[in-house]
Ligand code: AMP
């Protein structure tokens, strides 16, 4: 796997695909700078070697049209502040003007190109467009994990114009290693905690990880499809009746593969999907009609904790309750605390994909787990066992 460490950028122009798809407020100020900060180490490596950096990114979904609201000019000062170098900006990403700005770039300088998605050719993966982009650098660096699952011009197609002169940035390399640690090289016992709303959105992940884990904890809204499929009464809990057979198949596959499945045994049930609803703790297979399970119960959390504390490698994807409502957040917090303790005891813990990252940030667990993935969709596809085109393009 080629990373930045394999190159010396002295007198070289690095074309870096970063993920600067950051949130902006009404005044066009960046409200969360974490993606810019995440790209900083790769950019600094290029500059410190004595090279220059041409940064390309998308912002929002302009759908192939110029749109001033989504111009990357709005973030130029923030990027300059974070990197500590005044960043130059050019209001296009291909064409004569850009070629001139790139040619004028000196060692130690950074040029930020305009939003790639002002061109429909970016998302369609247009070859001619990718070739034009490729002219902006001597070495191509992909450091955008969030778009690595897209075969776009700047994330995938462009790589073929660099032969051997392409590599992963530090951020993307870290993501790849973290996923590898869970999916391939992790110390046993390996435990996956899957929560979230629906079985249907997690099925490919479950099928893929059954070959890789020793324990699978299932929580959240997915629980009830499994419980009902086994003959339990789930009241008004979220349940996908058409996925009950699938749930039984998963349980059978797991037992054939020697994977221990841990489902909730009790739940915090509510008489409404509301933070102020009446609640009671009930056994998971006898939830009365008119009540729905919205969080894990105390006995369940004790069981989950024991499994988590005995694990050496932990993957967490999806909350075990409706964590957005305070009344139903305790289970997700308890799981986070158990992962924190396991991590302190030496386990490797990876959180990623969809809402689990939001939950982890909301409750301040991001510094307590080993790694929080930055790429929602890309992470989910990795867990599904797919080869991401942006990663394959660098390896190929
Ligand atoms: P996902 O994006 O698949 O990880 O799903 C996350 C969503 O699942 C969150 O918005 C949670 O509120 C929701 N969720 C978790 N547990 C339950 C539950 N028992 N009933 C309904 N929704 C749930």
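Here, each number is a calculation from the coordinates, and none is a lab measurement. Since the structure is predicted, the reported quantities are computational estimates derived from the model, not experimental observations. Backbone-built Cβ (ideal geometry, glycine too); neighbour counts: all protein chains shown.
Can you give the log10 of the normalised intensity I(q)/I(0) at q = 0.13 Å⁻¹, computed with Debye over equal Cα scatterers of the chain? Cα-only, vacuum Debye calculation for the chain: -1.03.
Kirkwood radius and radius of gyration were both taken over the C-alpha atoms of region 163-203, and their ratio Rg/Rh is 1.16. Across region 132-193, the convex hull enclosing all Cα atoms gives 100 Å³ per residue. Computed log10 I(q)/I(0) for region 175-282 at 0.19 Å⁻¹: -0.97, from the Debye equation with unit scatterers placed on every C-alpha and solvent omitted. When the chain is treated as a GNM with alpha-carbon contacts under 10 Å, the residue of 198, 368, 63 showing the greatest mean-square fluctuation is 63. Summarising the strand pairing of the chain, around 20 percent of its internal DSSP beta bridges are antiparallel. What shape does region 47-203 have by the C-alpha gyration tensor, where a ≥ b ≥ c are the square roots of the eigenvalues, rounded means a/c under 1.5, and otherwise prolate means a/b greater than b/c and oblate the rest? Prolate, because a/c is 1.5 or more and a/b exceeds b/c. Region 34-67 and region 255-306 have Cα centres separated by 44 Å. If you sort the three axes of the alpha carbon gyration tensor as a ≥ b ≥ c, you get a/c of 1.5 or more for region 37-118 and a/b no higher than b/c, which makes it oblate. Taken along its principal axes, the alpha carbon cloud of region 118-161 reaches lengths of 24, 21, 18 Å, longest axis first. As a rough footprinting exposure proxy, the listed residues 147, 332 were ranked by other beta carbons within 10 Å of their own, and the order from fewest upward is 147, 332.
Exposure proxy shown here: for 106, 121, 326, the number of other Cβ atoms within 10 Å sets the order, fewest to most, as 106, 326, 121. On the principal axes of its alpha carbon atoms, region 4-71 extends 40, 24, 16 Å, with the longest extent given first. When the helices of the chain are scored as -39500 (n - 2.57) per DSSP H run of n ≥ 4 and the total is divided over every residue, the value at 222 nm lands at -10000 deg cm²/dmol. Legend: ranking of residues 134, 356, 201 from fewest to most surrounding C-beta atoms inside 10 Å; resulting order 201, 134, 356. The Rg/Rh ratio for region 266-396, using Cα coordinates for both the radius of gyration and the Kirkwood hydrodynamic radius, is 1.05.
Reducing region 86-118 and region 133-202 to their Cα centroids gives an inter-centroid distance of 25 Å.
When Rg and Dmax are taken over the Cα atoms of region 226-293, they come to 13.4, 43 Å.
The equivalent ellipsoid of region 355-394 has semi-axes of 25, 10, 8 Å, largest first, where each one is the square root of 5 times an eigenvalue of the Cα gyration tensor. Taking 12 Å as the cut-off, the amide N atoms of region 116-140 that come nearer than this to a point 7 Å along the Cα-to-beta-carbon line of residue 66 belong to 118-119.
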